[in-house]
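The values are calculated or read from the model by the stated rules, or taken from the named source; none is laboratory data. Keep in mind that this is a model prediction, so the values were computed, not measured. Note that each Cβ is placed from the backbone with ideal geometry, even for glycine, and that neighbours are counted across all protein chains shown.
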Amino acid sequence: MPDANVPEIEFRNVSLSFDDVRALTDVSFKLERDEMILMTGVSGSGKSVLLHLAIGLLRPDEGQIFIKGREIENLKEEALLAVRGGLMGMAFQEDSLFSGMTVFDNVAYRLKEHRWDETSIKKAVAEALRFVGLDGEDDKYPEELSGGMKRRLEIARALIGWPSIMLFDEPTSSLDPINAAQILDLILRARDINKVSLLYVTKKLSEIPYLAAYRATKRSTGEIEIEEAPADDRPNTRVLVLDAGRLIFDGSVEGFFQSEQPPIKELKALDQHEHSLSPYFSNPWDRRRKPKEEIL
């Protein structure tokens with residue numbers, strides 16, 4: 001049985017350079033079980049680099065990285081693939097879908113790579129596609145999907161098999177407000193219903209209070225609702241801020257928004273959208289959907 005005291009992810013004094021240019025400098029933090037870290041910073045601050053280090057696609061020049069207590073930077077490729085395949089999922093910022101594969105095969109790819117049997121693959125893919133609202137789209141190709149559907153397909157591929165850790169790199173970037181709201185609620189469902197620990201990167205600061213204050217709840221009827229959590233029972237979240245590759249803030253959502261550090265004050269001036277006012281749909285994947293207030 002896994003040790004509940006061991007962090008899901010731990011960085012100890014991690015540094016990395018590209019051609020003598022520092023991307024990260026002496027970064028240390030822990031992602032605990034059932035926690036959501038919301039990471040932000042301006043473009044080029046090192047956020048995506050950090051995610052690629054966490055999943056083992058890059059190796060640090062200095063420091064140590066642990067996944068569930070296991071140091072990963074010196075693992076051989078086969079052992080590293082086992083960690084990625086069984087414990088972690090990542091939705092990349094850039095489009096990483098296989099254009100020549102169907103929706104089904106894109107989602108199933110990782111399971112086939114790890115030699116799951118065909119029956120188990122079909123069951124897991126069906127569950128993942130149903131979760132993101134793409135059931136029935138199995139035989140389509142990425143070029144036949146809208147931007148929002150492609151993003152949901154990326155998430156389905158990341159959560160296939162329900163890894164306990166998921167990494168998201170600006171999953172709502174380039175999406176319209178309706179699709180962005182659906183993706184946020186999808187992430188709440190993964191976090192709260194399926195108990196996934198999350199490292200979530202965003203430059204949209206208005207997403208932070210929404211993800212920190214709202215929660216997905218499964219009713220006795222089986223319906224899942226998104227609602228604001230009581231002030232004394234909020235989801236376990238905190239904020240990290242990177243600036244020029246250095247971790248300049250690690251603390252609460254409230255502390256982040258009260259911070260007077262110049263880089264954070266500049267960030268806070270960029271995005272004022274209020275996601276709690278975004279449309280909410282009781283079934284966001286219903287093509288005949290109407291906002292909840294119209295179905296009364």
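Tabulated data
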{"quantity": "Residues satisfying the stated conditions in the stretch 166-184, i.e. charged (D, E, K, R) and more than 23 Å from Gly46 (Cβ to Cβ)", "calculated": "Asp176"}
{"quantity": "Selection count, the stretch 157-184, where residues are modelled with pLDDT of 90 or more and under 22 Å from Lys218 (Cα atoms)", "calculated": "4"}
{"quantity": "Any hit, the stretch 119-129, residues being in contact with a helix residue (DSSP H, G or I) (Cβ under 8 Å, 6 or more places away or on another chain), over 27 Å from Ile67 (Cβ atoms) and hydroxyl-bearing (Ser, Thr, Tyr)", "calculated": "no"}
{"quantity": "Residue tally, condition closer than 22 Å to Lys203 by Cα and either outside any loop (DSSP other than H, G, I, E, B) or within 18 Å of the chain's Cα centre (by Cα) (or both), over the stretch 121-177", "calculated": "22"}
{"quantity": "For Phe131: the one exception among (1) of a type outside the set (Lys, Arg); (2) within 28 Å of Arg246 (Cα to Cα); (3) buried (at least 17 other Cβ atoms within 10 Å of the Cβ)", "calculated": "(2)"}
{"quantity": "Residues located in the stretch 139-170, provided they are without any contact (Cβ under 8 Å) to a residue 40 or more places away in the chain, surrounded by fewer than 17 Cβ atoms within 10 Å (Cβ to Cβ) and of a type outside the set (A, V, I, L, M, F, W, C)", "calculated": "Asp139, Lys140, Glu144, Ser146, Gly147"}
{"quantity": "Near pairs, Cβ below 6 angstrom, 6+ apart or cross-chain, from the stretch 57-78 (closer than 13 Å to Ile9 by Cβ) to any residue that is of a type outside the set (A, V, I, L, M) and assigned to a loop (DSSP other than H, G, I, E, B)", "calculated": "Ile65/Glu73; Ile72/Gly56; Glu73/Arg59; Glu73/Pro60"}
{"quantity": "One residue from Arg234, Arg189, Arg215, Arg238 being of a type outside the set (A, V, I, L, M), assigned to a helix (DSSP H, G or I) and more than 11 Å from the chain's Cα centre (by Cα)", "calculated": "Arg189"}
{"quantity": "Residues located in the stretch 106-145, provided they are hydroxyl-bearing (Ser, Thr, Tyr) and either at positive phi or at pLDDT 90 or above (or both)", "calculated": "Thr119, Ser120, Tyr141"}
{"quantity": "Qualifying strands (runs of 3 or more DSSP E) (wholly inside the stretch 1-105; at least 2 residues being surrounded by fewer than 18 Cβ atoms within 10 Å (Cβ to Cβ), within 21 Å of the chain's Cα centre (by Cα) and modelled with pLDDT of 95 or more)", "calculated": "21-31"}
